Amino acid sequence: MRQPAHGGNLAWAAALAGCPPAAILDFSASISPLGPPNSAIAAIQSHIGNLRHYPDPSYSDLRLALSHFHQLPFEWILPGNGSAELLTLVGRELAQLAATVVITPAFGDYYRTLSAYNAQVLEFPVNWESTADLSAFLDKGSKNFQDMGLLLNNPHNPTGKLFFREAILPYLDQFALVVVDEAFMDFLSPDEEQSLIALVQEYENLVVLRSLTKFYSLPGLRLGYAIAHPDRLSKWQLWRDPWPVNTLAAAAAIAAIQDREFQQQTWLWLPPARSQLLQGLAAIPGLKPYNSAANFLLIESNRSITQLQQQLLTDSQILIRDCLSFKELGDRFFRTAVRTQTDNQRLLTALNSVITAEC
């Protein structure tokens with residue numbers, strides 16, 4: 001079976017481990033271990049009877065719920081079949097510009113959508129060990145960006161680096177189009193997050209992408225949304241299928257974003273769980289974890305990750321995310337989700353067992 005480019009491929013992992021997919025402890029997909037929320041499950045169950053009808057093509061209820069959630073007019077919001085579908089629309093838009101600047105290492109789907117439309121790509125590496133802002137590696141005076149696009153994620157994947165809002169603001173005046181993928185932003189509490197959503201109405205060239213699958217543990221439903229100028233979103237609607245979001249996903253999303261208790265629970269869980277995992281990884285010889293603002297950690301290793309990944313699967317049925325799809329990282333880095341304290345300890349014990357046995 002082919003090596004997956006994304007995390008969360010349990011069928012591939014189970015084939016290697018020789019066990020059922022349900023037996024795999026998945027650290028490769030950065031999904032919250034706390035969900036799905038009971039509210040979302042209840043909403044799905046209550047809407048089963050609506051499967052006999054087509055979804056509302058305008059998704060009025062979902063857009064209205066999201067507009068209340070973000071304090072924006074609903075016309076500025078477009079639900080999608082996961083952020084992957086929205087990235088495809090973004091790629092078509094960016095391909096119309098002279099080039100697109102991508103901050104590397106970059107999420108593989110950025111290259112997928114840009115190459116699909118033959119977009120010109122300019123890569124700028126990020127120094128994730130530095131606390132400097134974007135200007136440290138995207139020199140404002142080195143190039144004229146007025147006919148280009150900028151595509152970045154915040155927090156950055158796979159490093160977990162958080163860019164401050166003020167660091168991105170200057171580029172809204174320099175680029176023709178700025179797309180900020182905030183798939184992991186909701187893991188930060190409201191007093192810590194650095195979202196640009198509040199600025200979308202001020203900048204017609206700003207697009208913010210959000211995912212509802214990671215924070216609410218709903219990747220199987222495929223749901224995300226874009227926030228941008230209504231004229232841009234109207235154009236995108238003409239480019240895509242008429243019903244990209246299914247009825248159950250829309251119902252679950254409305255319930256989830258109104259679940260304040262689940263949101264608060266997540267914000268309380270993540271910092272100590274992430275700190276526990278970071279400290280445990282740092283204590284293992286040959287591993288160097290990097291600080292992260294998201295629900296995952298990037299770890300540098302002095303040994304082959306391909307071998308480590310396979311040994312963890314066969315010995316402990318644990319799946320970590322290799323970074324082979326990030327060409328700047330290769331076989332000496334891996335990424336791991338932050339899970340519950342019990343799961344995190346199981347990973348640390350398994351890593352210790354594999355690595356110390358070879359020392």
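The values are calculated or read from the model by the stated rules, or taken from the named source; none is laboratory data. Because the structure is predicted, anything quoted here is derived from the model rather than measured. Note: ideal-geometry Cβ built from the backbone for every residue, glycine included; neighbour counts use all protein chains shown. The protein model used for the area step is the full one, side chains on, heavy atoms only, and it has no ligands, DNA or RNA in it. Shrake-Rupley method; radii C 1.70, N 1.55, O 1.52, S 1.80 Å.
Site pair ASN118 and LEU268 shows an inter-label distance of 5.6 nm when each label is modelled 7 Å from Cα along Cα→Cβ. Between the listed residues PRO219, ILE24, PHE262, the Cα displaced farthest toward the positive end of the dipole of the chain, a dipole computed from Cβ unit charges relative to the Cα centre, is found at ILE24. The gain in end-to-end length when the GLN96 to GLN310 segment is fully stretched comes to 72.8 nm, 0.36 nm per residue minus the alpha carbon separation.
Reported value for the range 267-356: 86 Å³ per residue, from the convex hull of its C-alpha atoms.
Restricted to Cα atoms, the range 1-130 shows a radius of gyration and a Dmax of 19.4, 53 angstrom. Which of these, ALA283, ALA106, ALA183, has the largest mean-square fluctuation under a Gaussian network model of the chain (Cα springs below 10 Å)? Evaluated over the chain, the most mobile residue of the options is ALA283. For GLN276 and ARG165, the FRET efficiency from 1/(1 + (r/R0)^6), where r spans their Cβ atoms and R0 equals 30 Å, is about 0.55. With N as its number of residues, the range 209-316 has a Cα radius of gyration that, divided by 2.2 N^0.38 Å, comes to 1.49. At a probe radius of 1.4 angstrom, the accessible area of the chain per residue rounds to 42 square angstrom.
Of LEU238, LEU169, LEU25, the order by accessible heavy-atom surface (1.4 Å probe, DNA, RNA and ligands excluded), from most exposed downward, is LEU238, LEU169, LEU25. Once the convex hull of all Cα atoms in the chain is built, its volume per residue stands at 138 Å³. For the set GLU182, GLU192, solvent exposure ranked by accessible area (probe 1.4 Å, protein chains only) runs largest to smallest as GLU192, GLU182.
Between THR356 and ASP147, what FRET efficiency follows from the Cβ-Cβ distance if R0 is 56 Å, with the result rounded to 0.05? Working from the Cβ atoms, E equals 0.55.
Would you mind estimating how fast the range 239-281 diffuses translationally, via Stokes-Einstein at 20 °C and 1.002 mPa s with the Kirkwood radius over Cα pairs, in µm²/s? Approximately 162 µm²/s, per Stokes-Einstein. How many angstrom lie between the Cα centre of the range 55-106 and the Cα centre of the range 320-346? The distance from the Cα centre of the range 55-106 to that of the range 320-346 comes to 28 Å. Please work out whether the range 132-259 counts as rounded, prolate or oblate from its C-alpha gyration tensor, where a ≥ b ≥ c are the square roots of the eigenvalues and a/c under 1.5 means rounded, while otherwise a/b larger than b/c means prolate and anything else oblate? Oblate, since a/c reaches 1.5 and b/c is not below a/b.
Legend: residue pairs LYS214/LYS235; LYS161/LYS214; LYS214/LYS327, Cα-Cα distance threshold 20 Å; pairs beyond threshold, LYS214/LYS235; LYS214/LYS327. Just to verify a number: what accessible area does TRP243 come out at with the full protein assembly present, 1.4 Å probe, Å² rounded to tens? Accessible area, nearest 10 Å²: 110 Å². Summing charges over neighbours of ARG339, with a neighbour being any other residue whose Cβ is under 15 Å away from its Cβ, gives +3 when K and R count +1 and D and E count -1. For SER115, neighbours were defined as the other residues whose beta-carbon sits under 14 Å from its Cβ, and their charges (Lys and Arg +1, Asp and Glu -1) total +1.
For the range 216-359, the share of accessible area belonging to carbon and sulfur comes to 50 percent (1.4 Å probe, ligands and nucleic acids excluded). For the range 169-237, the Kirkwood estimate of hydrodynamic radius, built from reciprocal distances between every pair of different alpha carbons, is 13.1 Å.
For the range 22-109, carbon and sulfur atoms together expose 55% of the accessible surface, with a 1.4 angstrom probe and every protein chain in place. Residue separation of SER46 and ARG332 scaled by 0.36 nm, minus their Cα-Cα distance, works out to 98.3 nm of gained length.
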